[in-house]
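Colleague: One structure follows; several queries about it will come next.
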Amino acid sequence: MSLLDEPRATAVAAPPPLRRNRDFLLLWTGAGLSALGLRASVTAYPLLMIFFGGGPAGAGVVGFAALLPQLVVQLPAGALIDRWDRRRLLVLCDVAGLSAMAAVTAMLLAGRLWLPLVAAAAFVDGTAGLCYRLAERAAIAHVVHPAHLTAALGQNEARGQAAGLLGQPAGSGLFQFGRWLPFAFTALTHLVALVTLLLIRRDLQGERAAPGTSLRSDVAEGLRWVWRQRFMRVAVVLLSGSNLLFQVLTLTLALAVKENGGSPWAIGMIGLVAGVGGIAGALAGSRAAGRLAPRTVLTGALALWAVLMAPVALTSDPVVLGALLGGMSFAGALMNVVAGVHQVRITPEPLQGRVTSVFALLGSGTASAGALAGGFLLAAVGTYRTALGIAAGMGLLALAALVSPALRLDPDPEPLAPEIADTARTEEI
């Protein structure tokens, strides 16, 4: 029996806090280590190819291989997560990632660099990381009490922000001491995550009937379900547009700093401040979810992003840019938590993996398009006009959210029972 199957009477009983939930802590830690290791290896790939004879072309091939799973694996992975045993799938992900990173480590310790092996390892590890994230999101409701779902998803978002913040310096720093070290580190994180996963006692899914349809039919079912949810359908379109604009913003910030004599160190510091803002937003999101309607958070985030993007056109000061991006990251992480809680609560258990994969695919797809569009736009009109243009574009998205009939139909969150509200307010690790 999973926690989702408990009778209603237990939903208002005060459960032990998350910090004493052994299975949640094991899952949370293992997934965090996997994310940290993946970020470190992704950072090290271009360094390896450029500084060890692979050249820029090789770096591009490996970078493409690492990102390709987001486009070609996302939807079938969501369907497989809803078909297969989630614990076994998570174990398979860790074993695959561990094997890929061990192969790269062994190759480098032998003093060799073979591009096909590095590209294949990047694809395998990227696929494993993607499937791990989808499976963990689908499994989280089975290891926490219903009253703790919001806090758990908030802590997951904070963990993801922290992994992104620490993974880049970890990958580049380890590379300085040995080309093989970032990949050995990633292999070690997979090993530790595998151990934590094997120690989890609870089932990570509800009871399932044997699949009677094809994988293609399963994917189509997930797409149809998302399409029928008017609020989710409009929200994901708006967020896809914002992801595109943020990719353009990232290139704009880097070019603005460079044009005014800034260094890569300044860009790194901007990213550091943004990461801190993201962690703070994730922690705040666990309090906002259940108290603010998803449409309010979505519209507010889009409006705040538009306001904070406009000053990017007027300054190249890394401190100011860091503060602006930190505010954007705060709003984005808070919205991710609120949206994640809303999605998990309304999505049927058998569709959790597929629905999450649909949203992830739309987000990653527009991010890729944004990176391409940003390069051409900056070359054509420069940083000043590009920054004003993306601020205006974000403002239009905020206006669309404000007037959208589909978003106005989204109901306010149901108030938590007093016992649950008191418990949720205390949930911090």
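The values are calculated or read from the model by the stated rules, or taken from the named source; none is laboratory data. All values reported here derive from a predicted model rather than from experimental measurement. As a convention, Cβ positions derive from the backbone with ideal geometry for all residues, glycine included, and neighbour counts pool all protein chains shown.
Colleague: Take segment 381-395 and flag every residue that is hydrophobic (A, V, I, L, M, F, W, C) and loosely packed, with under 15 Cβ neighbours inside 10 Å.
Modeller: Restricting attention to segment 381-395, the residues satisfying the condition of being hydrophobic (A, V, I, L, M, F, W, C) are 381, 387-388, 390-392, 394.
Selection gives V381, A392.
Colleague: How many residues are within 18 Å of the chain's Cα centre (by Cα) and at pLDDT 80 or above when one looks only at segment 274-296?
Modeller: 12
Colleague: Could we say that L351 is within 18 Å of V234 (Cβ to Cβ), of a type outside the set (V, I, T) and not assigned by TED's automatic domain parsing to the domain that holds V72 here? Break it down stepwise before answering.
Modeller: Working: within 18 Å of V234 (Cβ to Cβ): no; of a type outside the set (V, I, T): yes; not assigned by TED's automatic domain parsing to the domain that holds V72: yes.
It is false that L351 is within 18 Å of V234 (Cβ to Cβ), of a type outside the set (V, I, T) and not assigned by TED's automatic domain parsing to the domain that holds V72.
Colleague: Residues that are among the small types (G, A, S): find the helices (runs of 4 or more DSSP H) completely inside segment 19-82 holding 2 or more of those. Walk me through it before giving the result.
Modeller: Details: elements: 22-51, 55-67, 69-72.
By residue number, 22-51, 55-67.
Colleague: Another one. Which of the residues that make up segment 103-138 are assigned to a helix (DSSP H, G or I), more than 25 Å from the chain's Cα centre (by Cα) and among the small types (G, A, S)?
Modeller: Passing the criteria: A103, A106.
Colleague: Do we find that R216 is in contact with a Lys or Arg (Cβ under 8 Å, 6 or more places away or on another chain), of a type in the set (K, R) and surrounded by fewer than 17 Cβ atoms within 10 Å (Cβ to Cβ) in this structure?
Modeller: Numbers: in contact with a Lys or Arg (Cβ under 8 Å, 6 or more places away or on another chain): no; of a type in the set (K, R): yes; surrounded by fewer than 17 Cβ atoms within 10 Å (Cβ to Cβ): yes.
No, not satisfied.
Matching residues to (1) more than 22 Å from L75 (Cα to Cα); (2) at pLDDT below 85:
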site: A333; (1), (2): yes, no
site: T356; (1), (2): no, yes
site: G375; (1), (2): yes, yes
site: A398; (1), (2): yes, no
site: I429; (1), (2): yes, yes
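Colleague: Look through G60, G111, G126 and report the one residue that is out of contact with any strand residue (DSSP E or B) (no Cβ under 7 Å at 6 or more places or on another chain), within 13 Å of H190 (Cα to Cα) and either in contact (Cβ under 8 Å) with a residue 24 or more places away in the chain or assigned by TED's automatic domain parsing to the domain that holds F183 (or both). Steps first, please.
Modeller: Details: G60 fails: within 13 Å of H190 (Cα to Cα); G111 fails: within 13 Å of H190 (Cα to Cα).
After ruling out the rest, the residue left standing is G126.
Colleague: Does G178 satisfy being surrounded by fewer than 21 Cβ atoms within 10 Å (Cβ to Cβ), of a type in the set (G, A, S) and closer than 23 Å to V337 by Cβ?
Modeller: It is false that G178 is surrounded by fewer than 21 Cβ atoms within 10 Å (Cβ to Cβ), of a type in the set (G, A, S) and closer than 23 Å to V337 by Cβ.
Colleague: Surrounded by 20 or more Cβ atoms within 10 Å (Cβ to Cβ), farther than 26 Å from G375 by Cα and among the aliphatic types (A, V, I, L, M), is that true of L298?
Modeller: yes
Colleague: Please name all residue pairs, on different chains or six or more residues apart, with Cβ atoms under 6 Å, provided the first residue is in segment 172-194 and is closer than 23 Å to T29 by Cα and the second residue is charged (D, E, K, R) and crowded, with 20+ Cβ neighbours inside 10 Å.
Modeller: Within 6 Å, the pairs are H190/D94; A193/D94; L194/D94.
Colleague: Test each condition in (1) outside any loop (DSSP other than H, G, I, E, B); (2) outside the structural domain of V358 (by TED's automatic domain parsing) for R201 and report the one that comes out false.
Modeller: Tallying (1) outside any loop (DSSP other than H, G, I, E, B); (2) outside the structural domain of V358 (by TED's automatic domain parsing), R201 fails exactly one: (1).
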